[in-house]
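The values are calculated or read from the model by the stated rules, or taken from the named source; none is laboratory data. A quick note: this is a predicted structure, and the numbers were derived from the prediction, not measured. Glycine also receives a Cβ, built like all others from the backbone with ideal geometry; neighbour counts cover every protein chain displayed.
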Amino acid sequence: MVAIAQIKRWVFVVALIPLVRLFVLAYAGQLGANPVEFITRSTGTWTITFLCITLAMSPMHWLTAWSGWIQMRRMLGLFTFFYAFLHFTIWYWLDHYLNLQEMFADVIERPFITVGFIAFVCMSLLAITSNRVSMHWLGRRWSQLHRLIYLIAILAVLHYLWHKAGKNDFQTVYIYAGIILVLLIVRIPVIREQLRRIKTRS
Amino acid sequence: MTFKDPTIHPSQITPRAIAEDRRQWLKNLALGGAALGMGSWLEREAFAKPVAPREKLPAKLNEPYSTRENQTSYEDATSYNNFYEFGMDKEDPAKFAERLQTRPWTVSIEGMVKKPVTLDIDALLKLAPMEERVYRLRCVEGWSMVIPWNGYALSHLLNRVEPLGSAKYVEFISLADPKQMPGLKRPVLDWPYREGLRMDEAMNPLTLLTFGMYGELLPKQNGAPIRLIVPWKYGFKSSKSLVTIRLTEKQPLTSWSASAPREYGFYSNVNPAVSHPRWSQATERRIDGRGIFAPKIKTEPFNGYGEYVAKLYAGMDLRKFY
């Protein structure tokens, strides 16, 4: 069996591919007519994708006997934050030119930005408390705090949904919303116990 | 004719040879990626764009009606389009519009006119002298382009059919054929795409019945073979692939205002003072190849065409009639 450390190293490299791709496309002049829009949307899509992957780790652990899922969870959560950070920074920098006042005006004016911004602030809290020291220091409150991920997931879907609402273009949004809905439903205690039982049976 | 923009230093522009070299390099990379099933994810438009035969459309430059701003590249203007009949993504029209049959093509001019007529595209091309006009195009989404269009004032066509005194509006209906347009499968809008202008707006000399761009016949993704360009209004007012032009007494219901009346009004004049409910219209991102660090520019009332059209709206509250 391959050691978990080895697997984590590979996952780390693979998780960087979406970022490397943007540099490759930029170098080749293939970011399209509106490069800022392209990189903003790309990093946004990868944020919600990594959010889904992160949320899938615990259910995978319940379903299978393998503890590796849990050991990868923090790294994947931090990748979610990493892409969210890029998404936010591109918007703050290339849409608002680092003008704080203008940025906050936008946060207040547009509801889809409001929820996206709240999700990002919550995610930052989770990222800075993702280390052992914080875990120790926060004790029981740590796991309570990190349940914010469920709120973040709902806000992220809302952010995406409202962004696409103007054009009634919901196809992709519904796919992500469906995945996140399933990942939240399996956390309902009764269902979670059922999933765990599958593991003990096999 | 070329215009130099002092804000772009020549050293910032990637020389063509190097750009092509990089593209070739990317193609090779994408070929490698294709083996891993990631080809399309890496190549983007490098392979995606079908090569259509390009046909020249001679036209005489109308200088007073042409801006001297930096033009958007042909490549950008033909690969970043909103034409939902071919899909929701900006790249979709360039990928899927190839199926559109632009010949034979007829346009019916009907309604409250003395001489209703159905004209063939060849007859339409010859109806008036072809002009080139370099217009700013401002999309309601907050980006803009500068494009040389080829066409003639819509008033030439309208005068020919002799509008009745009771004609107050002009309705424009675009083609909606599910066999040619895969995007129609999705109920994004109530198809066919419908737009409209008030009679005086339609007769304004800036309103261009358009057959070409960059000195060639319109590419299919840009609304071939015949479209409208109304430069002082948001881009969605400039309907593509027209099949019917109908003069009416009542204000026609347009596709976008039917879909979201609070967001898209009948007039939809470019107006930095009236925000879209979900974003500000004060600035725009000009697509002119300056790259990701180029600052956005201020949006002008009537997209900078106020001297020609502001008078059409004298006494109207443009916050109410957005």
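Looking only at segment B:68-88, residues that are in a loop (DSSP other than H, G, I, E, B) and under 17 Å from residue B:193 (Cα atoms) come to 5 in all.
Residue-wise test of (1) more than 20 Å from residue B:210 (Cβ to Cβ); (2) out of contact with any strand residue (DSSP E or B) (no Cβ under 9 Å at 6 or more places or on another chain); (3) assigned to a loop (DSSP other than H, G, I, E, B).
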{"site": "B:236", "(1), (2), (3)": "no, no, no"}
{"site": "B:240", "(1), (2), (3)": "no, no, yes"}
{"site": "B:244", "(1), (2), (3)": "no, no, no"}
{"site": "B:247", "(1), (2), (3)": "no, no, no"}
{"site": "B:253", "(1), (2), (3)": "yes, no, yes"}
{"site": "B:261", "(1), (2), (3)": "yes, yes, yes"}
{"site": "B:264", "(1), (2), (3)": "yes, no, yes"}
{"site": "B:273", "(1), (2), (3)": "yes, yes, yes"}
{"site": "B:285", "(1), (2), (3)": "yes, no, no"}
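So that you can scan it fast, the table gives a plain yes or no per residue for (1) exposed (fewer than 13 other Cβ atoms within 10 Å of the Cβ); (2) in contact with a helix residue (DSSP H, G or I) (Cβ under 6 Å, 6 or more places away or on another chain); (3) more than 30 Å from residue B:20 (Cβ to Cβ):
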position	(1), (2), (3)
A:4	no, yes, yes
A:7	no, no, yes
A:13	yes, no, yes
A:25	no, no, no
A:31	no, yes, no
A:38	no, no, no
A:45	no, no, no
A:55	no, yes, yes
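Set side by side, the residues A:131, A:168 differ, and just one is over 14 Å from residue A:47 (Cβ atoms), within 14 Å of chain B (Cβ to nearest Cβ) and at pLDDT below 95, which is A:168. Out of B:55, B:75, B:69, B:63, one residue alone is at the interface with another protein chain (Cβ under 9 Å from one of its Cβ atoms), under 30 Å from residue B:206 (Cβ atoms) and at pLDDT 70 or above. It is B:75. Residue A:163 - would you say it is within 14 Å of another protein chain (Cβ to nearest Cβ) and either within 20 Å of residue A:90 (Cα to Cα) or out of contact with any His (no Cβ under 8 Å at 6 or more places or on another chain) (or both)? Against the criterion (within 14 Å of another protein chain (Cβ to nearest Cβ) and either within 20 Å of residue A:90 (Cα to Cα) or out of contact with any His (no Cβ under 8 Å at 6 or more places or on another chain) (or both)), residue A:163 qualifies. Criterion first (out of contact with any Lys or Arg (no Cβ under 6 Å at 6 or more places or on another chain), aromatic (Phe, Trp, Tyr) and farther than 23 Å from residue B:87 by Cβ) does residue B:211 satisfy it? Yes, satisfied. Would you check if there is a residue in segment B:92-107 being buried (at least 19 other Cβ atoms within 10 Å of the Cβ), within 14 Å of chain A (Cβ to nearest Cβ) and not small (Gly, Ala, Ser)? Within segment B:92-107, one or more residues are buried (at least 19 other Cβ atoms within 10 Å of the Cβ), within 14 Å of chain A (Cβ to nearest Cβ) and not small (Gly, Ala, Ser).
Okay, residues lined up against (1) buried (at least 23 other Cβ atoms within 10 Å of the Cβ); (2) of a type in the set (Ser, Thr, Tyr); (3) within 14 Å of chain A (Cβ to nearest Cβ); (4) on the phi > 0 side of the Ramachandran plot:
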residue: B:229; (1), (2), (3), (4): yes, no, no, no
residue: B:236; (1), (2), (3), (4): no, no, yes, no
residue: B:242; (1), (2), (3), (4): yes, no, no, no
residue: B:257; (1), (2), (3), (4): no, yes, yes, no
residue: B:294; (1), (2), (3), (4): no, no, yes, no
residue: B:299; (1), (2), (3), (4): no, yes, no, no
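Let's see how each residue does on (1) within 12 Å of chain B (Cβ to nearest Cβ); (2) in a helix (DSSP H, G or I):
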site	(1), (2)
A:83	no, yes
A:89	no, yes
A:93	yes, yes
A:97	yes, no
A:101	no, yes
A:104	no, yes
A:107	no, yes
A:114	yes, yes
A:119	no, yes
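Please specify each residue of segment A:1-25 satisfying the condition of being of a type in the set (Lys, Arg), without any contact (Cβ under 8 Å) to a residue 60 or more places away in the chain and away from chain B (no Cβ under 14 Å). Result: A:9, single match. Of all residues in segment B:301-322, those satisfying the criterion of being outside any loop (DSSP other than H, G, I, E, B) and surrounded by 15 or more Cβ atoms within 10 Å (Cβ to Cβ) are B:301, B:302, B:303, B:304, B:306, B:308, B:309, B:312, B:313. Just for segment A:166-186: of the residues that are touching a residue at least 12 places away in the same chain (Cβ under 8 Å) and surrounded by 16 or more Cβ atoms within 10 Å (Cβ to Cβ), which one is farthest from the chain's Cα centre (by Cα)? My answer is A:186.
Note on segment A:26-56: residues that are assigned to a loop (DSSP other than H, G, I, E, B) and facing chain B (nearest Cβ under 7 Å) total 6.
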